[in-house]
Amino acid sequence: MKRGLILEGGAMRGMFTAGVLDVLMESGIGFDGAIGVSAGATFGCNIKSRQPGRAIRYNKRFANDWRYCSLRSLLTTGDLYGADFCYNILPHQLDIFDLDTYRQNPMEFHVVASDCETGKPAYKRLDTCDDLDLTWMRASASMPLASRIVEVDGKKLLDGGITDSIPLQYFESIGYDRNLVVLTQPRTYRKKPNRLMWLMKLALRRYPAIVEALRNRHNIYNTTTADIHSRADNGEVLVICPEKPLNISRTSKNPDEMQRVYDEGRRIATKQIDIIKKYLEY
């Protein structure tokens, strides 16, 4: 049996995921591998470095620092979430990411990005969280219109949620057969067509394959989530998700709202902890 953890993105909805993960860590629940998409990657990596509390701490601390997330950052660097600040200064100087623990922990950590030229998902296992790995993590979280295209390993990449928002199928294909899926939308949620599709098409006109992926994203997402919840009903996977919409802006700068969503993740995980332990055979 290989225990897997699949982490959906959702920008600041990821504070829900951070709350869930902290309860799992505090309860001594581990996994053979995890895969994160966008915020699921940037916040989820803390489970491999075994740093409960880190994601909510630095998000609240730097919520109103222009270098972290701001229109100023977007206009001056091309990224709403400043690349150098988020993936260099913050983890190496301001809220230290435990690289030694990350590298020594045998748990695998994977991320998903979207290939702009093929319109397909690109998967990467991050073993060291060195500069190359962090570039892949940034690619996974690079939202279209709010980020530059990230070039790494000969690929041009954007947010993994465009092409594989919930990579359960991929994780099963590489051998993970007992999977916990953390979603950031309630079961009743249905994604709608992107209202900014016209702008996406204009901004990404050189990459028709990724434009098409964006155009179809809502259909694929809705089909995927319906299948996952159906499989959860049959006991094939275990899903943790909010009971109702989290109602937080994707780019919220309000520390109180971040804390509220984080606390909701903790509440749901704590409520289901016995179910989680039983499913994962802890």
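The values are calculated or read from the model by the stated rules, or taken from the named source; none is laboratory data. Just so it is clear, the model here is predicted, and its values are computed rather than measured. Cβ coordinates were reconstructed from backbone atoms using ideal geometry, including for glycine residues, and neighbour counts include every protein chain displayed. Calculation scope for accessible area: heavy atoms of the full protein, side chains included, ligands and nucleic acids excluded. Shrake-Rupley method; radii C 1.70, N 1.55, O 1.52, S 1.80 Å.
By accessible area, using a 1.4 Å probe on protein heavy atoms only, the chain has 49% of its surface on carbon and sulfur. Per residue of the chain, the DSSP helices (runs of n ≥ 4 H) give a summed -39500 (n - 2.57) that works out to -11500 deg cm²/dmol at 222 nm.
Residue 50 sits among other residues whose Cβ lies under 13 Å from its own Cβ, and their net charge, with Lys and Arg +1 and Asp and Glu -1, is -1.
For segment 204-282, the per residue solvent-accessible surface stands at 57 Å², with DNA, RNA and ligands left out and a 1.4 Å probe. Label sites at residue 233 and residue 256, each approximated as a point 7 angstrom past Cα along Cα to Cβ, lie 4.0 nm apart. The simple Förster model, with R0 at 45 Å and r as the Cβ-Cβ distance, assigns residue 198 and residue 104 a FRET efficiency of 0.40.
Can you find, among 222, 197, 107, the residue farthest towards the positive end of the dipole of the chain? Put +1 on the C-beta of Lys and Arg, -1 on that of Asp and Glu. Positive-most Cα among the choices belongs to 197. In the chain, taking the dipole from charged Cβ atoms about the Cα centre, the farthest positive-side position among 150, 252, 55 is held by 252. Using Cβ point charges alone (K and R +1, D and E -1), the dipole size of segment 192-282 about the Cα centre works out to roughly 600 debye. Could you compute the net charge surrounding residue 169? Neighbours are other residues with a C-beta less than 14 Å from the C-beta of residue 169; K and R count +1, D and E count -1. So the surrounding residues net to -4. Distance between the C-alpha centres of segment 225-282 and segment 85-99: 27 Å, rounded to the whole angstrom. Other residues within the sphere of radius under 15 Å centred on the Cβ of residue 121, judged by their own Cβ, net out at -2 (K and R +1, D and E -1).
Solvent-accessible surface of segment 29-132, taken per residue with a 1.4 Å probe and all protein chains present: 41 Å². Dipole check for the chain: with +1 at the C-beta of Lys and Arg, -1 at the C-beta of Asp and Glu, and the Cα centre as origin, the magnitude is about 960 Debye.
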